[in-house]
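The values are calculated or read from the model by the stated rules, or taken from the named source; none is laboratory data. Note that the coordinates shown come from a computational prediction; the quantities given were computed from them, not determined experimentally. With ideal geometry, Cβ positions are generated from the backbone for all residues, glycine too; neighbour counts draw on all protein chains shown.
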Amino acid sequence: MKNTSREHLELIENYLESGYEEVFVDLISGRTDMVMVVDWREYDEEIVQYCEDILNTKLLTAETVDSDNAQGFELTIIYKDQRVLVPYQGDGADRDTTIIHLNQILKADYEIRLCNASLGSDTLQFLPLANSTWEKLERRWGRPALENCFTPIEMDSCFFG
């Protein structure tokens, strides 16, 4: 497992200290070495790759196969010895369902959170960190301050509508 670099942790803590959206934009926004930048039209398997590029686990992949379902394909997220078929509803894939299930398969080691400063855009940003790093940040800054900047992902989370 890759640890968050000291530089990345300092940037996150500078943002938490200020709490200002402008600081997020200046320090973290668009840094694809830190955050997953996800457009509402993103290919869902690319979201998994963005996360792997940041975490560098060498154990996280996505597998897409053609299927005779409403979406025309099935997406399976693979991490370590786990496989999760993403349960899309309706006619197509959706980023919300992919991100929720990606977070679920990683939950023993990592957590992905929404960067609240990216809300209101059709391109949202998500921060994947080791659970131990989230715990360290929560101990230092407290849950309210942390969740003011980075919202935990729940099974019913809706980001892209």
Scan ASP26, ASP66, ASP81 and give me the residue that is surrounded by fewer than 12 Cβ atoms within 10 Å (Cβ to Cβ), more than 18 Å from the chain's Cα centre (by Cα) and within 27 Å of GLU135 (Cβ to Cβ).
ASP81
Scan the stretch 55-72 and report the pairs whose first residue is without any contact (Cβ under 8 Å) to a residue 24 or more places away in the chain and whose second residue is in a loop (DSSP other than H, G, I, E, B), with Cβ atoms within less than 6 Å and a gap of 6+ or a chain change.
LEU59/LYS80; ALA70/ASP91; GLN71/TYR88; GLN71/GLY92; GLN71/ALA93
Counting only helices (runs of 4 or more DSSP H) wholly inside the stretch 1-115, the ones holding at least 1 residues that are closer than 19 Å to MET155 by Cα and of a type outside the set (Phe, Trp, Tyr) are 44-55, 95-106
Please state which of the following conditions ILE12 fails to meet, knowing it meets all the rest: (1) of a type in the set (Val, Ile, Thr); (2) buried (at least 19 other Cβ atoms within 10 Å of the Cβ); (3) more than 16 Å from the chain's Cα centre (by Cα).
(3)
Go through (1) farther than 30 Å from GLU10 by Cβ; (2) in contact with a helix residue (DSSP H, G or I) (Cβ under 6 Å, 6 or more places away or on another chain) and name the single condition ASP81 misses.
(2)
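Listed here are the residues, each with its yes/no results for (1) at pLDDT 95 or above; (2) more than 18 Å from GLU46 (Cα to Cα); (3) of a type in the set (A, V, I, L, M).
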{"position": "ASN69", "(1), (2), (3)": "no, yes, no"}
{"position": "LYS80", "(1), (2), (3)": "yes, yes, no"}
{"position": "ILE105", "(1), (2), (3)": "yes, no, yes"}
{"position": "LEU124", "(1), (2), (3)": "yes, no, yes"}
{"position": "PRO128", "(1), (2), (3)": "yes, no, no"}
{"position": "GLU147", "(1), (2), (3)": "yes, yes, no"}
{"position": "PHE160", "(1), (2), (3)": "no, no, no"}
Within the stretch 18-32, residues in contact (Cβ under 8 Å) with a residue 12 or more places away in the chain, over 24 Å from ASP96 (Cβ atoms) and out of contact with any Leu (no Cβ under 7 Å at 6 or more places or on another chain) come out as GLY19
For ILE112, all conditions in the list (1) of a type in the set (A, V, I, L, M, F, W, C); (2) without any contact (Cβ under 8 Å) to a residue 24 or more places away in the chain; (3) touching a Pro at 6+ places or on another chain (Cβ under 9 Å) hold save one; what is the number of the exception?
(2)
